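Shown next, in structure tokens, is the structure this report addresses.
The values are calculated or read from the model by the stated rules, or taken from the named source; none is laboratory data. Predicted model, so just to flag it, every value in this text is computed and none were measured. Because the Cβ atoms are built from the backbone with ideal geometry, glycine has one as well, and the counts that use them run over all protein chains shown. The accessibility values were calculated without ligands, DNA or RNA, using every heavy atom of the protein model including side chains. Shrake-Rupley method; radii C 1.70, N 1.55, O 1.52, S 1.80 Å.
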Amino acid sequence: MTAAGFSGGQAEELRRAMGFKRSVERMKVIEAELRAGMSRKGIVHKAQEEIVQGIKSFALYGFPESHAASFALIAYASAYLKAHHTAAFTCALLNNFPMGFYHPATLVKDAQRHGIACLSVDVTGSQWTARWRTAIAALLLSAWD
């Protein structure tokens, strides 16, 4: 608002253009308004470039702070569970397949690398809670500390 002499409405439009549903067309229009406002305020071309580049960089990578905080909490909790309750964490991922990013075979191999004993599905010994929907299946038998 200060650099370009934007009103609150113009600043809000810039924020929205940089937000979740980024619009290249809207950003071009707002960038032109931003540069015109900065020129009126006496901000030279080089400084304008730095300011616009900073805004564009943020728009490419930034996302609302509420999402960042939520993601950070989920990432922390997931890392904690994987580090301290590996068998339970892996089993939960397997039981919720295909929700995650990794193929079940990748999860099983990772669990085995972390010392979790994994066996193939056995119709005489597997439990309902250890089942999952793919042809590749595993039952995690480790203790659920």
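Take the residues of the stretch 104-120 that are modelled with pLDDT under 85 and over 11 Å from THR90 (Cα atoms): which is nearest to the chain's Cα centre (by Cα)?
That would be ALA117.
Looking at the structure I just gave you, is ALA143 at pLDDT below 80 and under 30 Å from ARG15 (Cα atoms)?
Working: at pLDDT below 80: yes; under 30 Å from ARG15 (Cα atoms): no.
No.
Return the residues of the stretch 1-31 that are open to solvent by less than 60 Å² (accessible area, probe 1.4 Å), under 31 Å from the mean Cα position of the chain (by Cα) and hydrophobic (A, V, I, L, M, F, W, C); say none if nothing qualifies.
Those that are open to solvent by less than 60 Å² (accessible area, probe 1.4 Å), under 31 Å from the mean Cα position of the chain (by Cα) and hydrophobic (A, V, I, L, M, F, W, C): ALA11, LEU14, ALA17, MET18, MET27, ILE30.
So, SER39, is that one open to solvent by less than 100 Å² (accessible area, probe 1.4 Å), modelled with pLDDT of 85 or more, touching a His at 6+ places or on another chain (Cβ under 9 Å) and not β-branched (Val, Ile, Thr) or not?
yes
Read through the list (1) within 30 Å of VAL121 (Cβ to Cβ); (2) at pLDDT below 85, then give the number of the only condition that MET18 fails.
(1)
Which pairs turn up if I take residues in the stretch 30-44 that are of a type in the set (Ser, Thr, Tyr) and look for partners that are in a helix (DSSP H, G or I) with beta carbon separation below 8 Å, at least 6 apart in sequence or on another chain?
These pairs meet every condition: SER39/GLN48.
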